[in-house]
1. Answer yes or no as to whether Pro14 is touching a helix residue (DSSP H, G or I) at 6+ places or on another chain (Cβ under 7 Å) and either within 15 Å of Thr112 (Cα to Cα) or in a loop (DSSP other than H, G, I, E, B) (or both).
2. Of the residues Ser21, Ser62, Ser84, which single one is in a strand (DSSP E or B) and not aliphatic (A, V, I, L, M)?
3. For residues that are in contact with a helix residue (DSSP H, G or I) (Cβ under 9 Å, 6 or more places away or on another chain) and of a type in the set (D, E, K, R), scanning just the range 73-115, find the one that is surrounded by the most Cβ atoms within 10 Å (Cβ to Cβ).
4. Is it the case that Leu18 is under 18 Å from Asp89 (Cβ atoms), modelled with pLDDT of 95 or more and over 15 Å from the mean Cα position of the chain (by Cα)?
5. With the requirement that a residue be in contact (Cβ under 8 Å) with a residue 60 or more places away in the chain, open to solvent by 20 Å² or more (accessible area, probe 1.4 Å) and among the charged types (D, E, K, R), what does the range 10-58 give you?
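The values are calculated or read from the model by the stated rules, or taken from the named source; none is laboratory data. Here the structure is a predicted model, which is why all the values come from computation and not from measurement. FYI the Cβ positions are ideal-geometry reconstructions off the backbone, even for glycines, and counts take in every protein chain you see. The area values use the complete protein model at the heavy-atom level, side chains included, leaving out ligands, DNA and RNA. Shrake-Rupley method; radii C 1.70, N 1.55, O 1.52, S 1.80 Å.
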Amino acid sequence: QVQLVESGGGLVQPGGSLRLSCSASTNRFSIYSMGWYRQAPGKQRELVATITSIDNTNYADSVKGRFTISRDNAKNTVYLQMNSLKVEDTAVYYCKAFKSGNEYWGQGTQVTVSS
């Protein structure tokens, strides 16, 4: 079992930046692929970005060039740097750890982009 705790959400103006963090309660963090997903009100949860155990990354088209996913295996933490935020980025952001058919989710952190 892996427990994930997200942090770093909040209220930011359009064009601003936020960095989300997700800390994992496992000493085998490095073997997991990690992902950030988001869910806006009335919409389905969608992929934002993923990073594999060997640092291969993948991004949704809507965030390419604005968001960066990274990981620090020494700290059991994955990050999502979000720049040039737009109103449509407003959502609850969730962290996921996954490997070999197993997946674990965090509780989510709210990101609100508004003037």
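1. On the way: touching a helix residue (DSSP H, G or I) at 6+ places or on another chain (Cβ under 7 Å): yes; either within 15 Å of Thr112 (Cα to Cα) or in a loop (DSSP other than H, G, I, E, B) (or both): yes.
The answer is yes for Pro14.
2. Details: Ser62 fails: in a strand (DSSP E or B); Ser84 fails: in a strand (DSSP E or B).
Result: Ser21 is the single residue among Ser21, Ser62, Ser84 that is in a strand (DSSP E or B) and not aliphatic (A, V, I, L, M).
3. So, considering only residues that are in contact with a helix residue (DSSP H, G or I) (Cβ under 9 Å, 6 or more places away or on another chain) and of a type in the set (D, E, K, R), the one surrounded by the most Cβ atoms within 10 Å (Cβ to Cβ) is Lys99.
4. Details: under 18 Å from Asp89 (Cβ atoms): yes; modelled with pLDDT of 95 or more: yes; over 15 Å from the mean Cα position of the chain (by Cα): no.
The answer is no for Leu18.
5. Arg19
Conditions (1) under 18 Å from Leu47 (Cβ atoms); (2) free of Cβ contacts under 8 Å to residues at least 40 places away in the same chain; (3) not aromatic (Phe, Trp, Tyr), marked per residue:
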| position | (1), (2), (3) |
| --- | --- |
| Phe67 | yes, yes, no |
| Ala97 | yes, no, yes |
| Val111 | yes, no, yes |
| Ser114 | no, no, yes |
